[in-house]
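These notes are about the structure you will find just below.
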Amino acid sequence: MILIIDDDAAVRSSLTFLLKRAGFEPEAVPGPEEALAVVRCTMPQLILMDMNFTLTTTGEEGIQLLKQVKIFQPDVPVILMTAWGSISLAVQGMQAGAFDFVTKPWNNLVLLKSIRTAIELSEQKKELETPLNRLDADNKFHFDKIIGQSAPLMDVLGTVSRIAPTNASVLITGESGTGKELIAEAIHTNSPRAKEPFVKVNLGGLSQSLFESEMFGHKKGAFTDAYIDRTGRFEMANKGTIFLDEIGDLELSCQVKLLRVLQDQTFEVLGDSRPRKVDIRVVSATNCNLREMVAERTFREDLFYRINLITVHLPALRERKDDIPLLARYFADKQSEVNGLPTVRFSSEALAFLQKLP
């Protein structure tokens, strides 16, 4: 059962109709009192709730209700509904434990995708997960580009195997050189979108002036040097996965434009005012501490919550030294093959020496 909490009868009836058509069992109530009566005695699969229940628009009642709901049903995912102009409310809700937020008027496909993702991840949490071993990982998943079998790496691959089939947005963190792009590709390759495009964008190298043309595309004549039509990265990634690398380097003015697209999954090509829909999964990566950047106001908090339904942190090689012999053999074999040389063997002393290096 999905519980809908909204004081607007029209919203309740349209959401009830939408969810029934999508195969869910909705139950709609108008306010906090009725909602708490339901969650006291029933455990919904998911709660879809408005942030305001009287003429005020502060959202305080919504935050209060969310906290009360979480006391009775801590494991039930909650999706908040708010107007675009008050996304800061939704951010407060995410801090108070909400799973996601959508803006009104909502896009039916985006809302249903968020609901399904929340339910899938919630069900996975309930399953007792046994740690993944390398043999199982290679038999069941496509991890052939990822070398290693240390406990920290297998933790990462276990997470990837669980989240890949969903549509959840993923933030991959870790130092430069830890293999964030390989993990992003593994998420795509093990997902239902595997046969669709995997489009990589390095946001660190994008200036404000190039951002819109690169991401959304442009029509011929849209600006001085626009001699031909150009397809943007979002359109290229349609039905597949877009990998936003170095997202921590994106300028603030571009962050709000990116948030709009991720929120509504629609964008406008430069020189064409007709909005275009896009169906994408978003995987981002950074070597920055985004939480610190949010505190310093150099990264938007609402964008942080939008890209960060799931965080995957990659350990540095010094944290998984057991993988050094495997990596050394892998790279040596590669060089032998490329240069037509016989296979190289490492002595145990050589491998021990490599593992001692900082």
task: Determine, yes or no, whether THR298 is in a loop (DSSP other than H, G, I, E, B) and either free of Cβ contacts under 8 Å to residues at least 40 places away in the same chain or at positive phi (or both).
output: no
field: In the stretch 247-273, residue surrounded by the fewest Cβ atoms within 10 Å (Cβ to Cβ) [restricted to those that are outside any helix (DSSP H, G or I) and out of contact with any strand residue (DSSP E or B) (no Cβ under 9 Å at 6 or more places or on another chain)]
entry: SER273
message: Which condition from (1) modelled with pLDDT of 90 or more; (2) in the same structural domain as ASP264 (by TED's automatic domain parsing); (3) within 28 Å of LEU80 (Cα to Cα); (4) crowded, with 19+ Cβ neighbours inside 10 Å is the one that SER114 breaks?
response: (2)
query: Inside the stretch 314-340, can you point out the residues that are surrounded by 13 or more Cβ atoms within 10 Å (Cβ to Cβ), aliphatic (A, V, I, L, M) and over 32 Å from the mean Cα position of the chain (by Cα)?
result: ALA328, ALA332
- prompt: Is it the case that THR311 is among the hydroxyl-bearing types (Ser, Thr, Tyr) and either surrounded by 12 or more Cβ atoms within 10 Å (Cβ to Cβ) or in contact (Cβ under 8 Å) with a residue 40 or more places away in the chain (or both)?
  reply: yes
message: Just to check your reading of the model, which residue among SER191, SER209, SER161 is outside any helix (DSSP H, G or I), assigned by TED's automatic domain parsing to the domain that holds LEU262 and either at pLDDT below 95 or among the charged types (D, E, K, R) (or both)?
response: SER191
task: Return yes or no: is SER122 at pLDDT below 90, surrounded by 14 or more Cβ atoms within 10 Å (Cβ to Cβ) and in a helix (DSSP H, G or I)?
output: yes
task: Assess whether THR286 counts as being of a type in the set (Val, Ile, Thr) and modelled with pLDDT of 95 or more.
output: yes
statement: Wholly inside the stretch 1-102, strands (runs of 3 or more DSSP E) that include 3 or more residues that are within 23 Å of the chain's Cα centre (by Cα) are 46-50, 78-83
field: Selection status of LEU244, assigned to a helix (DSSP H, G or I), surrounded by 15 or more Cβ atoms within 10 Å (Cβ to Cβ), hydrophobic (A, V, I, L, M, F, W, C) and in the same structural domain as GLY204 (by TED's automatic domain parsing)
entry: no
message: Scan the stretch 50-59 and tell me whether some residue there is of a type in the set (Asp, Glu) and surrounded by fewer than 19 Cβ atoms within 10 Å (Cβ to Cβ).
response: no
query: Can you spot a residue in the stretch 276-286 that is aliphatic (A, V, I, L, M) and loosely packed, with under 14 Cβ neighbours inside 10 Å?
result: no
statement: Over the stretch 326-357, the set of residues aromatic (Phe, Trp, Tyr) and touching a residue at least 12 places away in the same chain (Cβ under 8 Å) is TYR330, PHE346
statement: Residues of the stretch 1-53 being among the β-branched types (Val, Ile, Thr) and in contact with a helix residue (DSSP H, G or I) (Cβ under 8 Å, 6 or more places away or on another chain), in sequence order, are ILE2, ILE4, ILE5, VAL29, VAL39, ILE47
- request: Could you please let me know if THR343 is outside any helix (DSSP H, G or I) and under 33 Å from the mean Cα position of the chain (by Cα)?
  value: no
message: Which count do you get for residues in the stretch 175-207 that are of a type in the set (Gly, Ala, Ser), surrounded by fewer than 19 Cβ atoms within 10 Å (Cβ to Cβ) and under 23 Å from PHE331 (Cβ atoms)?
response: 2
- request: Return yes when VAL312 is β-branched (Val, Ile, Thr) and touching a strand residue (DSSP E or B) at 6+ places or on another chain (Cβ under 9 Å) and no when it is not.
  value: yes
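The values are calculated or read from the model by the stated rules, or taken from the named source; none is laboratory data. All values derive from a computational prediction rather than experimental measurement. Positions of Cβ are backbone-derived with ideal geometry, glycine not excepted, and every protein chain shown enters the neighbour counts.
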